[in-house]
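See structure below.
What follows draws every value from the coordinates through simple rules; no lab data is involved. Because the structure is a prediction, the values reported are computed rather than measured. Neighbour counts are summed over all protein chains in view; Cβ atoms, including those assigned to glycine, are modelled from backbone coordinates with ideal geometry.
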Amino acid sequence: MPTYIVLLGPPGVGKGTQAKVLAEQTGLAHISSGELFRENTKKNTELGKLAKSYMDRGELVPDDVTIAMIRDRFTRSDCQKGAILDGFPRTPVQADALAELLKEFGGQVDVVPLITADDEVLIERLSGRWTCRANGHVFHARFNPPQKDGVCDLDGSELYQRDDDKAETVKRRIQVYQDQTAPLIAYYRSKGSLVEINGAQPIDRVTADLLAAIRHHHD
Ligand code: ADP
Ligand code: ADP
C-alpha cells in the first residue's frame, strides 16, 4: 500500500526543507502546493495568475482550484509509492477532499507530523529565506547559507526573496494559518495520526525526529 505523509505546521517552520530530505530518504514523491502555484505563476498560466492574486496578500487560494491541482499532481508516475504532502491540505474542506482522493489510489493519510515553533522563530526564518528560481530549493541567510551568495548550491540557479516573505504578508499568513489551517490539528489528532515535532531545533535534529516518527508509525 502506498504511504502518505502530511506535513502540518505554520509558514516558515521548515516543512519544505524537511519534505525534500524526507522524499530523498524514503523514495516518496514531494508534493508542495506552494511550489506548484509558483511554477504556474512563472509560466503565467491562468491558474498562476489567479493564485498570485491570493498569494501576494497572504490569503489562501480557493479550495476548488487547489484540490483540482493536487488531484492532477497525484496522477504523475512518481507518486506510486506514495507522497509527502507539504502545504496541502490547509483547510477542512481540503482534508476531506484528500481523504476521498486517496481512497481512489488505495491509501490513506498514514502519519501527520505537526511541526511547531514560536512566531518569533517563524518571522526570523521567513525574513532570511532565499528560494531558488529553478527548483524551489530553500536556503537561509544565517541558518543555512548557500556557498555563494545569491546562487543555489544544488542547481546553480538564482536565489530570490519571495514577495510574500515581506513582514506584513508574513503576519497575515501566520494569522491565516491559525484561523483556517490549525483546525486540522484536532481533525488528524482524532484520527490518531498526529505526531508533534519540535521545529525550533537545528535542521538535522528535526529530520531525525521526523524519520523516527515515520518509522514508529509503520511498525
Ligand atoms: P516552510 O516550507 O514551512 O515555509 P521552509 O522549509 O521554507 O519552511 O523554511 C523557512 C526558512 O527557514 C528557510 O530559509 C530555511 O532555510 C530555514 N529553516 C528551515 N528549517 C530550519 C531550522 N530547523 N533551523 C533554522 N532554519 C531553518
Ligand atoms: P509557506 O512557506 O507559508 O508554508 P507555501 O509555499 O506553502 O508557503 O504557500 C505559499 C502560498 O501559496 C500560501 O500563502 C497560499 O496563498 C498558497 N497556498 C499554498 N498551499 C495552499 C493550499 N493548500 N490552499 C490554499 N492556498 C495555498
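Taking a point 7 angstrom from the Cα of residue 127 along the C-beta vector, which residues in the range 36-79 have backbone N less than 14 Å away?
No residues fall inside that zone.
Taking the inverse of the average 1/r across all pairs of different Cα atoms in the chain, what Kirkwood radius in Å do you get? Before the final figure, lay out the partial values.
Numbers: mean 1/r = 0.0567 Å⁻¹.
Kirkwood hydrodynamic radius for the chain: 17.6 Å.
Sorting 32, 77, 127 on the 10 Å Cβ count, fewest up front, what's the list?
Details: 32 21, 77 6, 127 15.
Going from least to most buried by this count: 77, 127, 32.
How much FRET efficiency would the formula 1/(1 + (r/R0)^6) give for residue 96 and residue 157, where r is the Cβ-Cβ distance and R0 is 30 Å, rounded to 0.05? Don't skip to the end; give the middle numbers.
Numbers: r = 37 Å, r/R0 = 1.23.
Once rounded, the FRET efficiency stands at 0.20.
Who wins for biggest fluctuation among 93, 13, 206 in a Gaussian network model of the chain, springs between alpha carbons below 10 Å?
Per the Cα network of the chain with a 10 Å cutoff, 93 tops the list.
What length, rounded to one decimal in nm, is gained on full extension from residue 1 through to residue 59, with 0.36 nm per residue of separation minus their alpha-carbon distance? Spell out each step's value before the answer.
Details: separation 58, 0.36 × 58 = 20.88 nm, distance 3.49 nm.
Working it through step by step, the gained length comes to 17.4 nm.
Could you rank the peptides 104-115, 163-174 by their average count of other C-beta atoms within 10 Å per residue, with the highest value first? Could you put the intermediate results ahead of the total?
Details: 104-115: 17.8, 163-174: 16.1.
Result, highest mean first: 104-115, 163-174.
Could you tell me the distance between the Cα centroids of the range 86-134 and the range 12-38, to the nearest Å?
Taking the Cα centre of each part, the range 86-134 and the range 12-38 sit 9 Å apart.
Treating cross-link reach as a plain straight distance, find the aspartates and glutamates whose alpha-carbon is under 15 Å from the alpha-carbon of residue 148, omitting any fewer than eight places away in the same chain.
Cross-link targets: 158.
If I stretch the segment between residue 78 and residue 185 completely, what's the gain in nm (0.36 nm per residue apart, minus their alpha carbon distance), one decimal? Walk me through the numbers on the way to the answer.
Working: separation 107, 0.36 × 107 = 38.52 nm, distance 2.78 nm.
Residue separation times 0.36 nm, minus the Cα-Cα distance, leaves 35.7 nm.
Sort by residue number and report every cysteine in the chain with no other cysteine beta carbon within a distance under 4.7 Å.
79
So which residue, out of 142, 133, 57, gets the largest mean-square fluctuation from a GNM of the chain using Cα contacts under 10 Å as springs?
142
Given charges of +1 on the Cβ of Lys and Arg and -1 on the Cβ of Asp and Glu, with all other atoms neutral, how large is the dipole of the chain about its Cα centre, in debye to the nearest 20?
Numbers: 28 positive and 32 negative charges, 43 e Å.
The dipole of the chain has a size of about 200 debye.
For the range 91-204, max minus min Cα coordinate along each principal axis, in Å, sorted largest first?
Principal-axis extents of the Cα atoms in the range 91-204, largest first: 44, 31, 27 Å.
For the chain, with a Gaussian network of springs between Cα atoms less than 10 Å apart, report the residue from 48, 14, 199 with the top mean-square fluctuation.
Answer for the Gaussian network model of the chain: 48.
Give, as a single signed number, the net charge of other residues whose beta carbon lies under 13 Å from the beta carbon of residue 41, with Lys and Arg counted +1 and Asp and Glu -1.
Numbers: positive: 38, 42, 43, 49, 52, 133, 162; negative: 35, 39, 46, 56, 163, 164.
Net local charge, residue 41 excluded: +1.
Counting only DSSP beta bridges with both residues in the chain, tell me the antiparallel percent, nearest 5.
Expressed as a percentage, antiparallel bridges in the chain total about 30.
Add -39500 (n - 2.57) for each DSSP H run of 4 or more in the chain, then divide by its residues: what number comes out at 222 nm, to the nearest 500 deg cm²/dmol? Don't skip to the end; give the middle numbers.
On the way: 9 runs with 100 residues, N = 219.
Rounded to the nearest 500, it is -14000 deg cm²/dmol.
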